[in-house]
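Before any comments, here is the structure.
The values are calculated or read from the model by the stated rules, or taken from the named source; none is laboratory data. Owing to the predicted nature of the structure, the values given are computational and were not obtained by experimental measurement. Cβ placement follows ideal geometry from the backbone for every residue including glycine, while neighbour counts extend to all protein chains displayed. Heavy atoms of the whole protein, side chains included, go into the accessibility calculation; ligands, DNA and RNA do not. Shrake-Rupley method; radii C 1.70, N 1.55, O 1.52, S 1.80 Å.
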Amino acid sequence: MMLTDAIRLLLFPALMAFAASSDLFTMTISNRLSLALTGGFFLLTIVIGMSFSAIGMHLAAGALVLAFAFVFFSLGWVGGGDAKLAAATALWFGFDFLLDYLIYASLFGGILTLLLIQFRRLPLPGALARQPWILRLHETGGGIPYGIALAAAALAVYPKTGWMPALGV
């Protein structure tokens, strides 16, 4: 049981932190990351004995978010990695925490966008101007690394879910 608790405590948060940092530094979120989230979800459903009906509802939440995210991707509003990350995260949250996640993601995404707009108006100091990832972030009209907002929203919601083990304090 202690191993299960360690996985529940570390796996999802670590993958979300990796998604945010990857998007910040490279403006990409690997398919492997979304696959790891999905695989981790199914591994834990087996370990904790989640019912088939509950798994089905989680799958439905993930599929719904994937469908909407695909539309947003096709319109150029989000990147493909962001769409898959949102869907994999929705799989973990199911419908019980999906609205919370989407609200946080919208709020954090809006704040991130406003901060980047302001950042892009400022001149870059010489030391920062030599960093390729900062130059990419600073480009006027450049993309928004929305994976940061998605990961922050996921980390804000995750402790409220049943995935977090009781810490016994």
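Output ³J(HN,Hα) for region 149-156: one whole-Hz value per residue in order, computed from phi by the Karplus curve 6.51 cos²θ - 1.76 cosθ + 1.60 with θ = phi - 60°, and x for Gly and Pro.
5, 4, 5, 4, 5, 4, 6, 6
If I compute solvent accessible area with a 1.4 Å probe over the protein chains, what percent of it on the chain is carbon and sulfur? If you can, show how the numbers build up before the last one.
Details: 6920 of 9380 Å².
Of all accessible area on the chain, carbon and sulfur atoms account for 74 percent.
Restricting things to Cα coordinates, could you compute the convex hull volume per residue of region 1-85 in Å³?
On the way: hull volume 6.9 nm³, N = 85.
Per-residue hull volume (Cα only) is 81 Å³.
Rounded to the nearest 500 deg cm²/dmol, what is the calculated helix-only ellipticity per residue at 222 nm for the chain, with -39500 (n - 2.57) per DSSP H run of length n ≥ 4?
Numbers: 7 runs with 130 residues, N = 169.
Computed mean residue ellipticity for the chain: -26000 deg cm²/dmol.
Starting at the first residue of region 136-143, write each ³J(HN,Hα) from the Karplus equation 6.51 cos²θ - 1.76 cosθ + 1.60 with θ = phi - 60°, in whole Hz, x for Gly and Pro.
Those phi angles translate into 4, 5, 7, 4, 5, x, x, x Hz.
Quick one: give the max-minus-min coordinate of the C-alpha atoms of the chain along each principal axis, largest first, in Å.
So the extents along the principal axes, rounded to whole Å, are 54, 37, 25.
What translational D, rounded to a whole number of µm²/s, comes out for region 75-169 from Stokes-Einstein when the hydrodynamic radius is the Kirkwood one over Cα pairs, at 37 °C and 0.692 mPa s?
On the way: Rh = 15.1 Å.
Calculated translational D: 218 µm²/s.
Give me the percent relative contact order of region 90-169, please, defined on Cα pairs under 8 angstrom at least 6 residues apart. Mind dumping the intermediate values first?
On the way: 45 pairs, mean separation 35.2, N = 80.
Over region 90-169, the number comes to 44 percent.
In Å², and per residue, what accessible area does region 43-114 have when probed at 1.4 Å with the other protein chains present? Could you put the intermediate results ahead of the total?
On the way: 3870 Å² over 72 residues.
On a per-residue basis, 54 Å².
What are the ³J(HN,Hα) values, in whole Hz, obtained from phi via the Karplus relation 6.51 cos²θ - 1.76 cosθ + 1.60 with θ = phi - 60°, for each residue of region 65-75 in sequence order, with x given for Gly and Pro?
5, 4, 5, 5, 5, 5, 4, 4, 5, 5, 7
So what is the relative contact order for the chain, in percent, with contacts set as C-alpha pairs under 8 Å and at least six apart?
Details: 172 pairs, mean separation 55.8, N = 169.
In percent, rounded to a whole number, it is 33.
Please sort 132-143, 54-65 by packing, taking for each peptide the average over its residues of neighbouring beta carbons within 10 angstrom, highest first.
Details: 132-143: 12.8, 54-65: 16.8.
Per-residue mean Cβ counts within 10 Å order the peptides as 54-65, 132-143.
Take peptides 122-130, 15-23, 84-92, 40-48 and line them up by average Cβ neighbours within 10 Å, highest first, as a rough protection proxy. Before the final figure, lay out each step's value.
On the way: 122-130: 10.0, 15-23: 20.1, 84-92: 26.2, 40-48: 15.3.
Ranked from most to least packed, the peptides come out as 84-92, 15-23, 40-48, 122-130.
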